[in-house]
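Visitor: The structure under discussion is supplied below as structure tokens; questions concerning it will follow.
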């Protein structure tokens, strides 16, 4: 039995949305779920207690960054990532592939793996399926991701095909190299760019390898939003019902709603934390640019309906002041608010599915936005 | 009756140390006390709940910074500084004098006040006793400080004398300009540089004006530590027993112990928060440079005897990683630890005075340090 299993609880009768449970060595997670990102073993500015208090059950951490600093051996010496950062919930680690491929000038891809230079000190490094598994095993996350190539957008049909085929071969190598199957589960990643038949081909190949969960990678990388939705519609039907489905790198509120509608169970994205630090809050009525001068004298909370610590305790005028003055506490409050919003949006989505009103929930979601950016 | 009063509870029979209570509109504060600094209406990275949880009862905020940004009118519109930042404990505001005088190239002193340029945008501004009181009244802190000249070190005898005499004249103008005596108390500031007779002269002049509390300013500005102690010994006997005594800008642990021994009740300093952010922790065994490579694999807390959130939840290796990786949470943990240490050091000092063993406490304090830097 895999370390991590998925249990389907309920299927929305009118859409692809589904309610489920992800069972991991560090607890059960109701799905669909949004995973906050703690790139360097820390969700920027936020304590593990705060993450727990805002309802997060699983976070993502980045293999590439931890490999470079402090190094996976050090994390292993600490007893793994959970102990190192004192987070008792579940953790998912990516494979480092996405970051390495983003270093476009600094890396070289071969069948063996990817040679690259550290963005920190220029050191020559190499990641391969085997090395990624070694690192992810050392980190000890509940869910590990396979080492894939996140095909860039745009790419030609031919390149995308060759790339996804290599991703399949790498997935096989990952399965062989993964050494801690009792405590960690390895998820496969479907690629295939923006080509429907290649998405299906990749999904079939990856599913044939029988992973305990599947991710859809290479989306939200520059393609039109509708193209992303189209690709989900091509891919999800190829994935088995009894395994979790994870749409990588997606976190815009409408993308979450649409992803859920198309059968996705898990999401992650730096968007809420990154735009929060830039002064933009996510709310049910759309984005609130807290840095805007119009909020200088606004002593009401970011979102009067929100129950997060930022909205319970502080006004837009105060948070704006903190942001303008470069005060850390302002970044912290914005981050908390945005994570709280997304984590609770997923809770509302789950409730709607449970009560057989997900399509109505989706309509209300868009009505509340009323033309605002989400 | 003044808004803020001091009640002497116990005098150490063998030293000048004393136990007291500062009674303010926002609660009672056991003294001797250390006040964390929240320069821009925020103690860097820390929430008001965390400040309360670590035992802080009173914080200091900076008039100069709030005058420039967001502006005292805005804070008044929010209902004052307590409401603006959501801090229900007591607040002390300085007068802006210290910051303005630090802008050595940008300011010009006359009898009327100080013309200076904003360090933010170069705007021409003017602070005077009347303007400082207007701003401090708008901020609404429990304790306001008079607008003084913090005489630079070193200064000649003649300059120091003229400067302290002006500070006395400014103190009189502050008393006249202070408009909210029911809810805010104005403390006078003794200057006099490093000249014993000038310290006495300043203390006598300021005390003759009958403030509800007295600060000793212009120390810890570059003079030798022993000189600071000598000046305290010259000054404190001139101050009335039934009023609080505040040593401005002092926060090194040994300076706190020595200040208490010489009869000081209140202290503030950016030292714990600033050196914390730079990676240095204060502990009962001396400073711990958490950034040091020797702690890379040290999975024990900063101070095993400390019960702060950083020491309860995280290791030196993890905090070091956060600091090296530029993670905000690392700065937050270091700040929390250092404030917790100083606030609890003062608690230990109070306990020792209450139990008639302050001199023994002081000896143990130095023994524990055993030659380490404090």
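The values are calculated or read from the model by the stated rules, or taken from the named source; none is laboratory data. It should be emphasised that the depicted structure is a prediction, and the values quoted were computed from it without experimental measurement. Here Cβ is always computed from backbone atoms with ideal geometry, including for glycine, and neighbour counts include all displayed protein chains.
Visitor: Checking the conditions here, which among B:193, B:222 is surrounded by fewer than 19 Cβ atoms within 10 Å (Cβ to Cβ) and more than 28 Å from residue B:1 (Cα to Cα)?
Guide: Just one listed residue meets the conditions, B:222.
Visitor: Away from chain A (no Cβ under 12 Å), more than 22 Å from residue B:216 (Cα to Cα), buried (at least 18 other Cβ atoms within 10 Å of the Cβ) and at pLDDT below 95: does that describe residue B:116?
Guide: yes
Visitor: Which count do you get for residues in region A:189-205 that are in contact (Cβ under 8 Å) with a residue 40 or more places away in the chain and under 12 Å from residue A:171 (Cβ atoms)?
Guide: The qualifying residues number 4.
Visitor: Now a separate question. So which residues in region B:267-289 are touching a strand residue (DSSP E or B) at 6+ places or on another chain (Cβ under 8 Å) and within 13 Å of chain A (Cβ to nearest Cβ), if there are any at all?
Guide: Across region B:267-289, the qualifying residue is only B:273.
Visitor: Within region B:250-369, which helices (runs of 4 or more DSSP H) (wholly inside it) include 2 or more residues that are over 25 Å from residue B:91 (Cβ atoms)?
Guide: By residue number, B:253-261, B:309-313, B:316-324, B:328-354, B:358-369.
Visitor: Quick check: anything in region A:88-105 at positive phi, buried (at least 16 other Cβ atoms within 10 Å of the Cβ) and within 14 Å of chain B (Cβ to nearest Cβ)?
Guide: no
Visitor: Are any residues in region B:315-339 touching a residue at least 60 places away in the same chain (Cβ under 8 Å) and facing chain A (nearest Cβ under 8 Å), and if so, which ones?
Guide: Correct list: B:328, B:331, B:332.
Visitor: When you look at residue B:299, is it within 14 Å of chain A (Cβ to nearest Cβ) and on the phi < 0 side of the Ramachandran plot, yes or no?
Guide: Considered against the rule, which asks whether it is within 14 Å of chain A (Cβ to nearest Cβ) and on the phi < 0 side of the Ramachandran plot, residue B:299 comes out as yes.
Visitor: Looking at region A:1-15, which of its residues are surrounded by fewer than 16 Cβ atoms within 10 Å (Cβ to Cβ), more than 26 Å from residue A:89 (Cβ to Cβ) and touching a strand residue (DSSP E or B) at 6+ places or on another chain (Cβ under 8 Å)?
Guide: Listed by number, the list holds a single entry, A:11.
Visitor: Would you please name the residue that is nearest to residue B:255 (Cα to Cα), looking only at residues in region B:65-74 that are in contact (Cβ under 8 Å) with a residue 24 or more places away in the chain and either away from every other protein chain (no Cβ under 13 Å) or surrounded by fewer than 24 Cβ atoms within 10 Å (Cβ to Cβ) (or both)?
Guide: It comes out as B:65.
Visitor: Would you kindly identify the helices (runs of 4 or more DSSP H) lying entirely within region B:87-188 that contain at least 2 residues that are without any contact (Cβ under 8 Å) to a residue 40 or more places away in the chain?
Guide: Qualifying helices (runs of 4 or more DSSP H): B:97-102, B:157-177.
Visitor: Please go through region B:21-49 and give me each residue that is part of a helix (DSSP H, G or I) and either in contact with a strand residue (DSSP E or B) (Cβ under 6 Å, 6 or more places away or on another chain) or surrounded by fewer than 20 Cβ atoms within 10 Å (Cβ to Cβ) (or both), ordered by number.
Guide: B:49
Visitor: Within region A:50-64, count every residue that is more than 24 Å from residue B:312 (Cβ to Cβ), away from chain B (no Cβ under 12 Å) and outside any helix (DSSP H, G or I).
Guide: 1
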